[in-house]
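The values are calculated or read from the model by the stated rules, or taken from the named source; none is laboratory data. Keep in mind that what you see is a predicted model, and the values were worked out from it rather than measured. Here the Cβ positions follow ideal geometry from the backbone for every residue, glycine too, while neighbour counts run over all protein chains shown. Heads up: the accessible areas ignore ligands, DNA and RNA and are worked out on the full protein's heavy atoms, side chains in. Shrake-Rupley method; radii C 1.70, N 1.55, O 1.52, S 1.80 Å.
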Amino acid sequence: MPRPNEEVEALFQEYADLISLTTGDAHRARAYEKAARSIGGYDSDVSTLDAKELRSIPHVGSSIADKITEYLHTGRVSAVEEARTKVPAGVRQLTAIPMLGPKRAKVLYEKLHVSSVPELVEAVHAGRLRDLRGFGARSEEKILHGVELMQAAGDRVLLPVAGDLAEAIISALSEVSGCVRCAAAGSLRRMRETVGDVDILVAARRSEPFMAAFTSLPQAAEVVAEGPTKSAIRTRSGLRVDLRVVHPDAWGAALLYFTGSKAHNIKVRRIAQRHGLKLSEYGLFDAETDRRIVSRTEEKVYERLGLPWIPPPLREDRGEIEAAQEGTLPEVLTRKELRGDLHTHTDLTDGLATLEEMAGAAAREQHYSYYAVTDHAPAMAMQRMTDEKILRQREQVRRLGGSSRRTPRLLHGTELNIGPDGDVDWPDEFLAGFDLCVASVHSHFTQDRDAMTRRIVRACENPHIHVLGHLTTRLIGKRPGIDADLDAIFAACARTGTALEVNSQPDRLDVSDELILRARRHGVTFAVNSDAHSVRALDGIRYGVGTAQRGWLTADDVVNTWTWQRLHRFVRDKRRRGRPAG
């Protein structure tokens, strides 16, 4: 079940879109977008705050605070309800199409009377958009691609949405008398970037108490199915949750079976057949006598089949079974192996917490030994960064870093903007003063393939850029990735000693697991970073770890698992390489 903060965030983001559609007041819409983002990332539960405390949230004034209070008391906001009546539901759906947005949706509605996604697709195929100012053949391609992205996403949700819901349900069911074990299975356990439905597995000798508790959960808006050992509910957000109760003796086989993937399970069952066995969710059985051999733990099931235990994120039939048979299965990265975070933001730019708050949480909650603050550089004009501001922050970092043994080693960095030609914000002599630099694409997403490739390769060749941030710039289900020769970029990362970031923001997870697998073949080194803009978001690095696991990364592949001495050599060596001749 989402926190009240996330509910209010979604409501205000919708309101910002409605403002753009109805009044076109860009300043007011932007105010609600900023407030939505601040509320979503705020550490405290907004439902526990009074009016004064609500106004202390960045970008939340009296009017917005009043709307939060209204929503928390009534479950609605009258201003939002009124705005909804002014815009047909189909037009509101248009704003969800990646790369379209409220302004262009408004034009389509006013000029072409398009009020639904099917009408939009029909208008594109009929060539009706080409006569509109600001639209053309390229726009048509982008819109159709955006519709495909939206439809492909369907009812799938981002990993943390499913994860938070599963954790709440697991917590509730674990309190039911007789619970031996309770865990998530399915694509959530495999850490896929989106989840279609949530699978929960319980081990108990009696299933009835769990079925009753499950269907009575506050998260349940509808009971979809109810049976003696399996039930399903649908939450208010539309996400389906399936519960299965199995006997404790069958736990391992059931967990393996319901974790998947389907392709992985098929191969495992074939191995069982070759051993004269048969495998199901109830256990591993002798094919002739039907005697159950093992089933209590996954480890025992795999072991009986001659395999080591295979971590769930690897179970996608991408060579993991063959590697297990050959003894080459990697020991994938774990969260506890991370020694630091190399990409974070503070309220000096677009973060929600101070440097002291972020660094304190990095030490207290994440137990890091080093931590980099990398606020945005001047090319992102809306962040209003200046040389003076960043140098004052550097002094603050130096003071804070030496103030306590409990504070991790603080690195003063920056997130640079890779310009259209590959240049970055500051000259070399200024960049030399930073401990570490991340560089990312933040604009000009539609450059042609060759130009985009040259742009990013040139950034990799800059001796002051140590980490290439969120490479493809994608937003899952909202914005497609850039068009570039990614293999050429991977080769450049390997050649120049530039680490490729696995960005842990849940709507990015950029680069994806598939791209990690490709980049590994080029010998690329990686950095798994949170890109946190709030204290709460620091913990989101676990999603990046899950993505890294799906990409078969080990601790040695990831620079922020290294000791400070080794990381320092990595930064120093990059600077010594200099720009290539010519």
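Evaluate the following for residue 449: is it charged (D, E, K, R), crowded, with 16+ Cβ neighbours inside 10 Å and in contact (Cβ under 8 Å) with a residue 12 or more places away in the chain?
Working: charged (D, E, K, R): yes; crowded, with 16+ Cβ neighbours inside 10 Å: no; in contact (Cβ under 8 Å) with a residue 12 or more places away in the chain: yes.
In short, no.
From the set of residues in the range 225-237 that are open to solvent by 30 Å² or more (accessible area, probe 1.4 Å) and under 29 Å from the mean Cα position of the chain (by Cα), which is modelled with the highest pLDDT?
Here is the first cut: in the range 225-237, the residues open to solvent by 30 Å² or more (accessible area, probe 1.4 Å) are 225-226, 228-230, 234, 236-237.
This time we only want the ones that are under 29 Å from the mean Cα position of the chain (by Cα), so: 234, 236-237.
Details: 234: 91, 236: 81, 237: 76.
So, considering only residues that are open to solvent by 30 Å² or more (accessible area, probe 1.4 Å) and under 29 Å from the mean Cα position of the chain (by Cα), the one modelled with the highest pLDDT is 234.
Please list, ordered by first then second residue, the pairs with beta carbon atoms under 9 Å, 6 or more apart or interchain, first in the range 130-150 and within 14 Å of residue 112 (Cα to Cα), second small (Gly, Ala, Ser) and part of a helix (DSSP H, G or I).
Here the result reads 130/137; 130/139; 132/139, each pair linking the range 130-150 to a residue that is small (Gly, Ala, Ser) and part of a helix (DSSP H, G or I).
Within the range 21-33, take every residue that is without any contact (Cβ under 8 Å) to a residue 60 or more places away in the chain and surrounded by 17 or more Cβ atoms within 10 Å (Cβ to Cβ) and give me the one that is nearest to residue 82 (Cα to Cα). Don't jump to the end; show me each part of the working.
Pass one, the range 21-33, residues without any contact (Cβ under 8 Å) to a residue 60 or more places away in the chain: 23, 25-28, 30-33.
Retained after the next criterion (residues that are surrounded by 17 or more Cβ atoms within 10 Å (Cβ to Cβ)): 31-33.
Numbers: 31: 19, 32: 16, 33: 18 Å.
Checking each candidate, the answer is 32.
Are there any helices (runs of 4 or more DSSP H) wholly within the range 41-90 with 3 or more residues that are small (Gly, Ala, Ser), and if so which? Show your work before the answer.
Details: elements: 51-55, 62-74, 78-85.
Ranges flagged: 62-74, 78-85.
Applying the selection to the range 321-365, what residues are in contact (Cβ under 8 Å) with a residue 24 or more places away in the chain, hydrophobic (A, V, I, L, M, F, W, C) and within 26 Å of residue 566 (Cα to Cα)?
Taking the range 321-365 as the starting set, the residues that turn out to be in contact (Cβ under 8 Å) with a residue 24 or more places away in the chain are 321, 330-335, 337-353, 355-365.
From what's left, hydrophobic (A, V, I, L, M, F, W, C): 321, 332-333, 338, 342, 348, 352-353, 355, 358-359, 361-363.
Once the filter is applied, which keeps residues that are in contact (Cβ under 8 Å) with a residue 24 or more places away in the chain, hydrophobic (A, V, I, L, M, F, W, C) and within 26 Å of residue 566 (Cα to Cα), the range 321-365 yields 332, 333, 338, 342, 355, 358, 359, 361, 362, 363.
Report, by residue number, each residue of the range 356-386 that is hydrophobic (A, V, I, L, M, F, W, C) and open to solvent by 10 Å² or more (accessible area, probe 1.4 Å). Reasoning before the result, please.
Quick first cut of the range 356-386, residues hydrophobic (A, V, I, L, M, F, W, C) only: 358-359, 361-363, 372-373, 377, 379-382, 385.
Hits for the range 356-386 are 363, 379, 380, 381, 382, 385.
For residues in the range 503-518 being open to solvent by 10 Å² or more (accessible area, probe 1.4 Å) and over 13 Å from the mean Cα position of the chain (by Cα), which is nearest to residue 194 (Cα to Cα)?
514
Residues of the range 1-15 being buried (at least 22 other Cβ atoms within 10 Å of the Cβ) and in contact (Cβ under 8 Å) with a residue 60 or more places away in the chain, which ones?
Across the range 1-15, the qualifying residues are 8, 15.
Give the residues of the range 121-162 that are out of contact with any strand residue (DSSP E or B) (no Cβ under 9 Å at 6 or more places or on another chain), aliphatic (A, V, I, L, M) and open to solvent by 30 Å² or more (accessible area, probe 1.4 Å), sorted by residue number.
121, 126, 137, 144, 150, 152
Kindly evaluate residue 411 against the criterion of being within 23 Å of residue 511 (Cβ to Cβ), touching a Cys at 6+ places or on another chain (Cβ under 7 Å) and not in a loop (DSSP other than H, G, I, E, B).
Numbers: within 23 Å of residue 511 (Cβ to Cβ): yes; touching a Cys at 6+ places or on another chain (Cβ under 7 Å): no; not in a loop (DSSP other than H, G, I, E, B): yes.
It is false that residue 411 is within 23 Å of residue 511 (Cβ to Cβ), touching a Cys at 6+ places or on another chain (Cβ under 7 Å) and not in a loop (DSSP other than H, G, I, E, B).
Kindly indicate which of 243, 165, 173 is closer than 30 Å to residue 516 by Cβ, surrounded by 17 or more Cβ atoms within 10 Å (Cβ to Cβ), in contact with a strand residue (DSSP E or B) (Cβ under 8 Å, 6 or more places away or on another chain) and among the hydrophobic types (A, V, I, L, M, F, W, C). Steps first, answer last, please.
On the way: 243 fails: closer than 30 Å to residue 516 by Cβ; 173 fails: closer than 30 Å to residue 516 by Cβ.
165 is the lone residue from the list that is closer than 30 Å to residue 516 by Cβ, surrounded by 17 or more Cβ atoms within 10 Å (Cβ to Cβ), in contact with a strand residue (DSSP E or B) (Cβ under 8 Å, 6 or more places away or on another chain) and among the hydrophobic types (A, V, I, L, M, F, W, C).
Please work out which one of (1) in contact with a helix residue (DSSP H, G or I) (Cβ under 8 Å, 6 or more places away or on another chain); (2) more than 18 Å from residue 181 (Cβ to Cβ); (3) without any contact (Cβ under 8 Å) to a residue 40 or more places away in the chain; (4) not basic (Lys, Arg) is the condition residue 309 fails and give its number.
(2)
Do you know which residues across the range 469-486 are more than 13 Å from the chain's Cα centre (by Cα), farther than 16 Å from residue 343 by Cβ and either open to solvent by 30 Å² or more (accessible area, probe 1.4 Å) or among the hydroxyl-bearing types (Ser, Thr, Tyr) (or both)? Lay out the reasoning, then the answer.
Taking the range 469-486 and keeping what is more than 13 Å from the chain's Cα centre (by Cα), we get 469, 471-472, 479-486.
Now narrow it down to the ones that are farther than 16 Å from residue 343 by Cβ: 479-486.
Of everything in the range 469-486, those that are more than 13 Å from the chain's Cα centre (by Cα), farther than 16 Å from residue 343 by Cβ and either open to solvent by 30 Å² or more (accessible area, probe 1.4 Å) or among the hydroxyl-bearing types (Ser, Thr, Tyr) (or both) turn out to be 479, 480, 481, 483, 485.
Looking at 250, 263, 212, 221 in this structure, which one is of a type in the set (Gly, Ala, Ser), more than 24 Å from the chain's Cα centre (by Cα) and not in a helix (DSSP H, G or I)?
Values: 250 fails: not in a helix (DSSP H, G or I); 263 fails: not in a helix (DSSP H, G or I); 212 fails: not in a helix (DSSP H, G or I).
The conditions single out 221.
Are any of the residues in the range 495-502 under 30 Å from residue 98 (Cα atoms), at pLDDT 95 or above and over 14 Å from the mean Cα position of the chain (by Cα)?
The answer is yes; a qualifying residue exists.
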